[in-house]
1. Of Asn37, Thr2, Ala22, which is farthest along the charge dipole of the stretch 1-66 in the positive direction, counting Lys and Arg as +1 and Asp and Glu as -1 at C-beta?
2. What lysines sit close enough to Lys205 to cross-link, taking a C-alpha to C-alpha distance under 17 Å and skipping anything fewer than 8 places away on the same chain?
3. Which label marks the calculated value of volume of the Cα convex hull per residue in Å³, given the options (1) 144; (2) 161; (3) 289?
4. List the relative contact order of the stretch 147-215 as a percent without decimals, with contacts defined as Cα pairs under 8 Å and 6+ residues apart.
5. Where the only charges are on Cβ atoms (+1 Lys, Arg; -1 Asp, Glu), what is the dipole of the chain about its Cα centre, to the nearest 20 debye?
6. Between Lys117 and Lys202, what's the calculated FRET efficiency when r is the beta-carbon distance and R0 is 45 Å? Round to 0.05.
7. So between Asp5 and Asn68, what do we pick up on full extension, going 0.36 nm a residue minus the alpha carbon distance?
8. Relative contact order of the stretch 74-215, please, whole-number percent, based on alpha carbon pairs below 8 angstrom and at least 6 residues apart.
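Here, each number is a calculation from the coordinates, and none is a lab measurement. Note that the structure is predicted; figures quoted are calculated from it, not measured. Here Cβ is always computed from backbone atoms with ideal geometry, including for glycine, and neighbour counts include all displayed protein chains.
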Amino acid sequence: VTNADYSYEIVGSKMPKSLMKAGEKFEGWVDIKNVGNVTWKGTGKNRVTLGADNERDRISEFADPKGNRIGYLIQDQVKPGETGRFLLRLKAQKEKGSYNEYFTPVMEGVTWFDNKKTSFKTFVYEKKYDAGLKETVSDKQAKVGETRTMWVKLRNVGGATWKKEDFTAGVLTSVPMEVTNVKLSEDTVLPGETGTIIFTVKAPKETGRVLIYLR
């Protein structure tokens, strides 16, 4: 009597690219070698699939149609020593942001294989140029007529890289005041990264609250 061995090795793959537009569809594959002693089947109640993991058996962010399985074996069977190809049919979520999608082979109704933390990483965006507020300078007060430097941190949630050399910004203020030297601090800001916009303000001669809009 020999114990069942569900060992495997990933030997190749075509995974999603690092940037995906919201709603974009992708078809890829994962080649997995059966190095155990149990034959894998592609059909039937004990077929082998790729299940969403970390948390195990969760609903996948990318499965198309939506579910907890993201890959399906295209061969009828894969014997020990052979390699099976699992077809991936994916669709990027509508929610922009960074995703790390984990998956593990599972023999349905029998067992999950070892979790090797296999995953693909991608950043989902809606627009080519888009930003989300991350942080602003904590001390926003200035004395009447004072000149000081302020900053705001923005996360790049678009699909294009920001470059210092190409950066421009328009300025609007709720009351007349000088806002100058608006620039991007970093040389480049990749999608998903945070950039710092620095600018110089000269406070008006009257006290009160002033709103500054950068666009």
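1. Value computed over the given set: Ala22.
2. Within the straight-line limit of under 17 Å, Lys205 reaches these lysines: Lys140, Lys143.
3. (1)
4. Relative contact order here is 45 percent.
5. On the way: 36 positive and 28 negative charges, 100 e Å.
So the magnitude is around 480 debye.
6. Working: r = 53 Å, r/R0 = 1.18.
So the FRET efficiency works out to roughly 0.25.
7. My answer for the length gained is 20.3 nm.
8. Relative contact order comes out at 21 percent.
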